[in-house]
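A short write-up of the structure that comes next.
Values quoted throughout were computed directly from the atomic coordinates according to the rules given, and no laboratory measurement underlies them. Given the structure is predicted, the values throughout are model-derived calculations rather than measurements. Cβ placement follows ideal geometry from the backbone for every residue including glycine, while neighbour counts extend to all protein chains displayed.
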Amino acid sequence: MRTSSLNNWLKTYNYTYDAVWNITNDNHKTYSYDDIYRIKQITDTNTTTLLESFDYDNLWNRINSYNQSTWSWANYDYATNNLNQYTTLSGSILSYQLQEIIETTTSSGTTETSSWTTESWSRTTESGSGTTETGSWTTETWSGTTTWTWETTTTTITYTWSLVTTNENIDYLYDNNWNLKQDNKYKYYYDYKNRLVKATNLVDETIVEFSYDVLNRRFQKTTSEKVINYV
């Protein structure tokens with residue numbers, strides 16, 4: 001039975017399908033496929049804006065993808081090996097990021113000048129004992145000028161959204177049993193039954209460990225914060 005509608009209290013989805021049961025529309029997004037029913041494009045039903053697209057090689061491996069999410073546009077290329085395992089994911093992400101712009105403004109104050117002048121003056125002296133001697137002297141005259149200015153510096157910080165390109169290049173490594181051994185963040189370790197038993201960061205610090213019972217059921221997960229037991 002194919003679901004015809006869904007209401008999750010936020011949105012109502014009304015589904016339509018093609019002849020082979022592929023969803024073609026959900027009332028918000030429109031889906032298109034190639035001749036062998038691989039998803040090719042997803043567009044906004046109302047605006048016809050391209051949201052996602054995918055390209056494949058002849059062996060169905062994805063070779064390119066585009067994804068437009070909120071504030072981000074991601075475009076990736078995929079490389080595969082002879083076993084059709086993805087070996088490299090390379091591409092770029094365009095995203096809006098908040099940028100801080102600092103502007104400094106310097107303004108000069110008014111120049112002020114002050115001056116002064118020393119007046120000259122003279123004096124005469126007389127001596128006694130019947131003889132008068134007269135002498136005089138005069139002080140020199142001088143003047144000067146003092147000038148000063150001042151500056152005011154103002155710093156203004158503003159913020160703006162800028163479109164930034166982030167380049168990514170991820171290499172994937174595998175063991176002889178096709179298990180993913182390493183990506184750009186973690187290393188993965190497996191037991192002789194190819195069960196994931198441990199994941200570490202790239203400097204071999206343990207992130208998580210798993211334990212299994214004789215029926216291959218995971219019964220314990222251990223992290224640095226807690227131990228989870230499955231029953």
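Only residues that are within 19 Å of SER5 (Cα to Cα) and out of contact with any Phe, Trp or Tyr (no Cβ under 6 Å at 6 or more places or on another chain): list them for the range 21-42, please. Of everything in the range 21-42, those that are within 19 Å of SER5 (Cα to Cα) and out of contact with any Phe, Trp or Tyr (no Cβ under 6 Å at 6 or more places or on another chain) turn out to be TRP21, ASN25, HIS28, LYS29, THR30, TYR31. When you scan the range 206-213, do you find a residue that is within 24 Å of ASP171 (Cβ to Cβ) and charged (D, E, K, R), even just one? The answer is no, given that none of the residues of the range 206-213 is within 24 Å of ASP171 (Cβ to Cβ) and charged (D, E, K, R).
Quick one: which residue in ASN27, ASN75, ASN46 is part of a loop (DSSP other than H, G, I, E, B) and surrounded by 14 or more Cβ atoms within 10 Å (Cβ to Cβ)?
ASN27
Would you mention how many residues in the range 83-107 are under 30 Å from SER65 (Cβ atoms) and in a strand (DSSP E or B)?
The number of residues fulfilling the criteria is 14.
Among the residues that make up the range 12-27, is at least one of them of a type in the set (Gly, Ala, Ser), free of Cβ contacts under 8 Å to residues at least 40 places away in the same chain and within 30 Å of ASN84 (Cβ to Cβ)? So far as the range 12-27 goes, yes, one or more of its residues are of a type in the set (Gly, Ala, Ser), free of Cβ contacts under 8 Å to residues at least 40 places away in the same chain and within 30 Å of ASN84 (Cβ to Cβ).
Of ASN179, ASN167, all but one fail to be of a type in the set (S, T, N, Q) and touching a Ser or Thr at 6+ places or on another chain (Cβ under 6 Å); the exception is ASN167.
The set of residues in the range 5-24 that are part of a loop (DSSP other than H, G, I, E, B) and under 24 Å from ARG38 (Cβ atoms) comprises TYR15, ASP18, ALA19, VAL20, TRP21, ASN22.
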